[in-house]
1. Within a Cβ distance under 12 Å of Asn371, other residues only, what is the Lys/Arg minus Asp/Glu net charge?
2. Let me know the shape class of segment 310-362, please: from the alpha-carbon gyration tensor, a ≥ b ≥ c as square roots of the eigenvalues, rounded when a/c is under 1.5, otherwise prolate if a/b is greater than b/c, or oblate.
3. Would you mind ranking Phe419, Phe269 so that the residue whose beta carbon has the fewest other beta carbons within 10 Å leads the list?
4. Counting Lys +1, Arg +1, Asp -1, Glu -1, what net charge surrounds Ser170 among other residues with beta carbon under 14 Å of its beta carbon?
5. For a quick check: with amide H placed at 1.01 Å from N, whose amide H comes under 5 Å from Leu397's, ignoring anything fewer than 5 positions away on the same chain?
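Nothing in this text is a laboratory measurement; each read-out follows from the coordinates by a stated rule. Since the structure is predicted, the reported quantities are computational estimates derived from the model, not experimental observations. Note: ideal-geometry Cβ built from the backbone for every residue, glycine included; neighbour counts use all protein chains shown.
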Amino acid sequence: MTLIGSSTPTYDSNGNVTNDFLHTYTWDANGRPTTADGVGLSYDALGRMVEQNRNSVYTEIVYAPKGGKLALMSGSTMQKGFVPLTGGSMAVYNTSGLAYYRHSDWIGSSRFASTPGRTTYFDGAYGPFGESYSQTGSTDLSFTGMNQDAVSNLYDFPAREYGIQGRWPSPDPAGILSVDPTDPQTWNRYPYVRNSPLILTDPTGMDDCGPLCAWGDGGCFGVPGECAPSGYPGGGCTLDGQDMPCNLVYQLLNGGGAAQCPNNVCSDFSSNGQFTQFEAFADGCAGYMSSSSPVGFSPCDIANARAAVSSAAQGKPIDPNQLTGKALDVYSQLIALGVSPENITIYQTGTQSFQAVLTDAGFNQLEQSPNFASNPGDVFLHYPYTEGGRSDQTPSLHGVWFGEDLTDYVGGSGVYTEFHEDSSNPYNGGFWGHWGCDVLHISCH
């Protein structure tokens, strides 16, 4: 006699189980099963299962913005719909309407379901590794908040599929990041929650979490012992407030496409009571932004605007009749571009240093000038300023400025700008000369 599942499983070259004598699998290059017991499985760019194919009968999975399953579809027919409720409960709909309410225990497992008429629809319990027993009635099972797929019979965790044998059929996609050198149980990449299911949970399929995560903070953030911010249902990694598969978040972090919130606190309240959210921007800056911050501006923009406002406030407004050098050239070209003299103030902060402040009306006149156009490339050349433009002349008057809403936000008035002239006009084919001047400080005119 041989115990079921006691024979040695077979694996592919990436360490994924192909036959554990209970299930057979095939896998893609990303460690996701493409078939389970002959059922075809397809995924979207986020690694979420979006289609199942059993004998040419297709089931599509639709997800909610927060990442949880919203509906199971067969063509245009909704087979089942899921609506999260407060307290971890869920309303489940079928083709006839509201079918039952699913109620969860402290780790998110569905232990009981009731009908709209307050009768018992399902009553059951789970073993420590997700095996169901003492089941009365029938419904889709949910172990630690993860749905058991009705087609493949696997629990659909964000990073991996799980088959209740106490082990994963594929290795932990977190790789070395999931290993704690002081804990030999983490050296094996297959066991479920280090073989300690009574005290640990794993809401993502990557790493594992202690009771504090499961009780209060919604699950592992992706680093052993660290948790996701409170309030995100389902736990796991979050990206811009949405639950995301941790393997995708790891890829973004490693590739520089995301920034990890300090101490995994992505939102908080500032000292003045304003709600703040940690945000990362394309200019490489990341930081906490208050709810009243102007949309589209990064922490670097705000810091630089404060510095510009402070610099101009310490300077001395110059009578246009006393302007000399570059300051005079800038003033003259602004007039030539259609900005009214009363809308221009030049602050002298050094022998050749100045800040130009245009009123809102003057800024609008500059933007509307047919000889002064926006040039997005200048934004990157003059980081971290927010906008750029250039007169289509030689020598070219080149300006970078802060939006008026940002200037007002940091305590200034008008639009603070920095201008200079150069003969390497990108509009006239001189991009590399201008780039050399701005970045390498050579080829300047």
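1. -1
2. Working: a/c = 2.12, a/b = 1.29, b/c = 1.65.
Here segment 310-362 falls in the oblate category.
3. On the way: Phe419 22, Phe269 11.
Starting with the residue having the fewest Cβ neighbours, the order is Phe269, Phe419.
4. Result for the local shell: -3.
5. Sorted by chain and number, the residues that satisfy this are Ser391.
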